[in-house]
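So the structure is just underneath, and the comments pick up after that.
The values are calculated or read from the model by the stated rules, or taken from the named source; none is laboratory data. Just so it is clear, the structure is predicted and the values come from calculations on it, not from any experiment. As a convention, Cβ positions derive from the backbone with ideal geometry for all residues, glycine included, and neighbour counts pool all protein chains shown. The accessibility values were calculated without ligands, DNA or RNA, using every heavy atom of the protein model including side chains. Shrake-Rupley method; radii C 1.70, N 1.55, O 1.52, S 1.80 Å.
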Amino acid sequence: MDSVVREAEADFGPRDWAQHPPYLSPLYKSTVLRSPRKPLIPMKQCLSVRTGPVFGHDSVDALDSDLTKNGRVNGEPVGERIIVTGRVLDESGRPVPHTLLEIWQANACGRYVHRWDQHDAPLDPNFFGAGRCITDAEGRYRFTTIKPGAYPWGNHHNAWRPAHIHFSLFGPSFLTRLVTQMYFPGDPLLPLDPIYNGVPEGARELLISRFSIDVTEPVWALGYEFDIVLRGRLATPMER
Amino acid sequence: MTQTLKQTPSQTVGPYFAYAWTPELYGRRPLATNRLATHETPGEHIRVEGVVYDGEGAPIRDCVVEIWQAGADGKHAPGAAGFGRCGTNDAGYYFFDTVKPGGHGDGQAPHIAVTVFARGMLSHAFTRLHFSDEAAANAADPVLSSVPDDRRGTLIAQRADVPGGAVYRFDIHLQGDQETVFFDC
C-alpha cells in the first residue's frame, strides 16, 4: 500500500522538448503570431496539475468508436473503411488504462463537417468524422472509420495537408494531456507538410501509423496500428 | 521508472475541432462544457471570462481553453466535475460558469489550472489563473513568487461585481508585451 501511495504522489517526468514541436515553427505560418516567445517558467507539480479529469465508460457509447456508423443518415459513408487501433502507454511502457481518446478527421474527399471548411469537395451525409473511445485495462483502443482524404490549405502556394486523424488524450493527470495527429505510411505529402515537419527530426516518425495485416479484417477493412506514449511518473524510492 | 519509450509528439488542434470538442451546434452531445456548476454546487458561483489574443493583439477565434479546478472545499471531485472546455467565439471570447475554488491547504493560493490550444499552436500551453481578491494568499503563493514581478499580473484574474454575481476577467495573450506567463510543468 505504501508503494501505491508513493507512486501516486510521484511527479510526472518533464515534457520532452526533444520530442515536441517548438511553439515557433515559421514554415507553419500561423505559429508566427501565436507562439509564446518568453521563456516558460518552471513550475513545481502541485495537486491541481497532478490530478485530472476522469471520464467514465458512461461518457462514451458503443457507436462512438465506429465512425462508419455514428454519422449515418440514409446509408453507408463513402470511402475506404479502415480500423485504427493501438495502445496508450507511458514512457516506461506501462499501459494507460481507462483513459479517454477523442478523434476527428476529414471525410474520404478531404472535407470536414466543420462549418468553416469551404474546400470544394463534397460532404458525405453519412459521415460525421468524430469519435470517442476509452482504453481497456491494457491501454488498448480501437476505432473503425473511413480513411481521410488530403485537403488544401492556405499556408503557402499549393499547400496540401497529408491525410491525418486528430487525436486528443487525457491520461492520468492534467499534465499528461496530449493533442496530436496520426498520419499514414508512405504519404507523399509528409515531407512537404510544415505541421508534421514542425516536430523534431527523429521524433516525427512516431506520428506515422503502421499498416498491419494482422489488424486487417478479411473482406472488410485495412488495419493500421498507432501507439501513443504519454508522460509517465518519475521513479519513486525503492518499494518494499 | 526507466524511461524506455519516447513521448508521442504534440500537433496542433487545427481549425476544425469544434464539431468534435464543442459539438452542441452540430446536434451532438458534448463531453465537457463551460458550465461546471449547477445550482446545487456549493461555493461562490462565479464567471471566469476573457479574450485570447495573438501577438498583434488580434482575437483568436479558433482556440480552446480548458480548465481543471478544485471545488469550494479545495478538493478535486472524482470524475470530471472540475473540468471545463470552451472554444473561443469570433471575438476570441471564452467564459466558464463555475465556483470559486478553495485552497488546497498546501500553501498555494486558490487557483485554476488552464490549458490553451489553438490553430497555430503545435504544442499546447499551460498557465494558471489566480484571483485578484486573494491578495494575501497570492502574496504567499510559491508559484506566483517564482514569476518575475512585472509579469505576475498576467496570472491574476480581476474581479468585478456585477448584477448576477462576480466576474473574473482573465485575458490570455499568446505573445507580445503582455504575454501571459506559461509554465513548464
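Return yes when B:V147 is among the aliphatic types (A, V, I, L, M), in contact with a helix residue (DSSP H, G or I) (Cβ under 9 Å, 6 or more places away or on another chain), open to solvent by less than 70 Å² (accessible area, probe 1.4 Å) and not in a helix (DSSP H, G or I) and no when it is not.
Yes; evaluated as a whole, the condition is true for this residue.
Residue-by-condition table, conditions (1) β-branched (V, I, T); (2) within 30 Å of A:R37 (Cβ to Cβ); (3) out of contact with any strand residue (DSSP E or B) (no Cβ under 6 Å at 6 or more places or on another chain):
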{"position": "B:T41", "(1), (2), (3)": "yes, no, no"}
{"position": "B:E49", "(1), (2), (3)": "no, yes, no"}
{"position": "B:Y53", "(1), (2), (3)": "no, yes, no"}
{"position": "B:A58", "(1), (2), (3)": "no, yes, yes"}
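Before we move on, is A:N74 open to solvent by 20 Å² or more (accessible area, probe 1.4 Å), in a loop (DSSP other than H, G, I, E, B) and more than 11 Å from every other protein chain (Cβ to nearest Cβ)?
yes
Say whether the condition of being touching a His at 6+ places or on another chain (Cβ under 8 Å) and touching a residue at least 12 places away in the same chain (Cβ under 8 Å) is met by at least one residue in the range A:125-134.
yes
State which residue is farthest from the other protein chains (Cβ to nearest Cβ) when the search covers only the range A:158-204 and only residues that are open to solvent by less than 10 Å² (accessible area, probe 1.4 Å) and of a type in the set (F, W, Y).
The selected residue is A:F184.
Criterion first (open to solvent by 60 Å² or more (accessible area, probe 1.4 Å), charged (D, E, K, R), over 30 Å from B:G107 (Cβ atoms) and modelled with pLDDT under 95) does A:D2 satisfy it?
For A:D2, the condition - open to solvent by 60 Å² or more (accessible area, probe 1.4 Å), charged (D, E, K, R), over 30 Å from B:G107 (Cβ atoms) and modelled with pLDDT under 95 - is not met.
Checking the condition in a loop (DSSP other than H, G, I, E, B) and closer than 26 Å to A:H114 by Cα, which residue from A:K69, A:K38 passes?
Being in a loop (DSSP other than H, G, I, E, B) and closer than 26 Å to A:H114 by Cα holds for just one of A:K69, A:K38, which is A:K69.
Filter the range B:123-142 down to residues that are more than 18 Å from the chain's Cα centre (by Cα) and aliphatic (A, V, I, L, M) and give me whichever is nearest to B:A157 (Cα to Cα).
Ranking the candidates gives B:A135 first.
Considering only residues that are within 26 Å of B:L144 (Cβ to Cβ), in contact with a Leu (Cβ under 8 Å, 6 or more places away or on another chain) and within 7 Å of another protein chain (Cβ to nearest Cβ), which ones fall in the range A:24-62?
A:R34, A:S35, A:P36, A:R37, A:Q45, A:V49, A:G52
Using beta carbons and a limit of 9 Å, which pairs, at least six apart or on different chains, have the first residue in the range B:161-185 and within 14 Å of chain A (Cβ to nearest Cβ) and the second one of a type in the set (F, W, Y) and surrounded by fewer than 18 Cβ atoms within 10 Å (Cβ to Cβ)?
Close Cβ pairs (under 9 Å, with a partner that is of a type in the set (F, W, Y) and surrounded by fewer than 18 Cβ atoms within 10 Å (Cβ to Cβ)) amount to B:D184/A:W17.
Restricting attention to the range B:28-57, and to residues there that are under 19 Å from B:F182 (Cα atoms) and not in a strand (DSSP E or B), which single residue is most open to solvent (accessible area, probe 1.4 Å)?
It comes out as B:E56.
Is one or more of the residues making up the range B:1-21 more than 30 Å from A:P95 (Cα to Cα) and at the interface with another protein chain (Cβ under 7 Å from one of its Cβ atoms)? Before you say what the answer is, go through the steps one by one.
Start the filter on the range B:1-21 by keeping residues that are more than 30 Å from A:P95 (Cα to Cα), which leaves B:15.
Keeping just the survivors that are at the interface with another protein chain (Cβ under 7 Å from one of its Cβ atoms) gives B:15.
Within the range B:1-21, one or more residues are more than 30 Å from A:P95 (Cα to Cα) and at the interface with another protein chain (Cβ under 7 Å from one of its Cβ atoms).
Which residue pairs have Cβ atoms under 7 Å apart, sit 6 or more places apart or on different chains, and have a first residue in the range B:12-24 that is over 14 Å from B:E66 (Cβ atoms) and a second that is assigned to a helix (DSSP H, G or I)?
Going by the 7 Å Cβ cut-off, the qualifying pairs are B:Y19/B:Y26.
Quick check, is A:V49 of a type in the set (A, V, I, L, M, F, W, C), part of a loop (DSSP other than H, G, I, E, B) and either touching a residue at least 12 places away in the same chain (Cβ under 8 Å) or open to solvent by 30 Å² or more (accessible area, probe 1.4 Å) (or both)?
no
Do we find a residue being on the phi > 0 side of the Ramachandran plot and either open to solvent by 10 Å² or more (accessible area, probe 1.4 Å) or not small (G, A, S) (or both) anywhere in the range A:146-157?
no
Return yes when B:A135 is more than 18 Å from B:D62 (Cα to Cα), away from chain A (no Cβ under 14 Å) and open to solvent by 20 Å² or more (accessible area, probe 1.4 Å) and no when it is not.
Considered against the rule, which asks whether it is more than 18 Å from B:D62 (Cα to Cα), away from chain A (no Cβ under 14 Å) and open to solvent by 20 Å² or more (accessible area, probe 1.4 Å), B:A135 comes out as yes.
Within the range B:153-184, how many residues are under 25 Å from A:W17 (Cα atoms) and surrounded by 15 or more Cβ atoms within 10 Å (Cβ to Cβ)?
Qualifying residue count, the range B:153-184: 12.
For the subset of the range B:99-132 comprising residues that are of a type in the set (G, A, S) and touching a residue at least 60 places away in the same chain (Cβ under 8 Å), which member is nearest to the other protein chains (Cβ to nearest Cβ)?
Of everything passing the filter in the range B:99-132, B:G120 is nearest to the other protein chains (Cβ to nearest Cβ).
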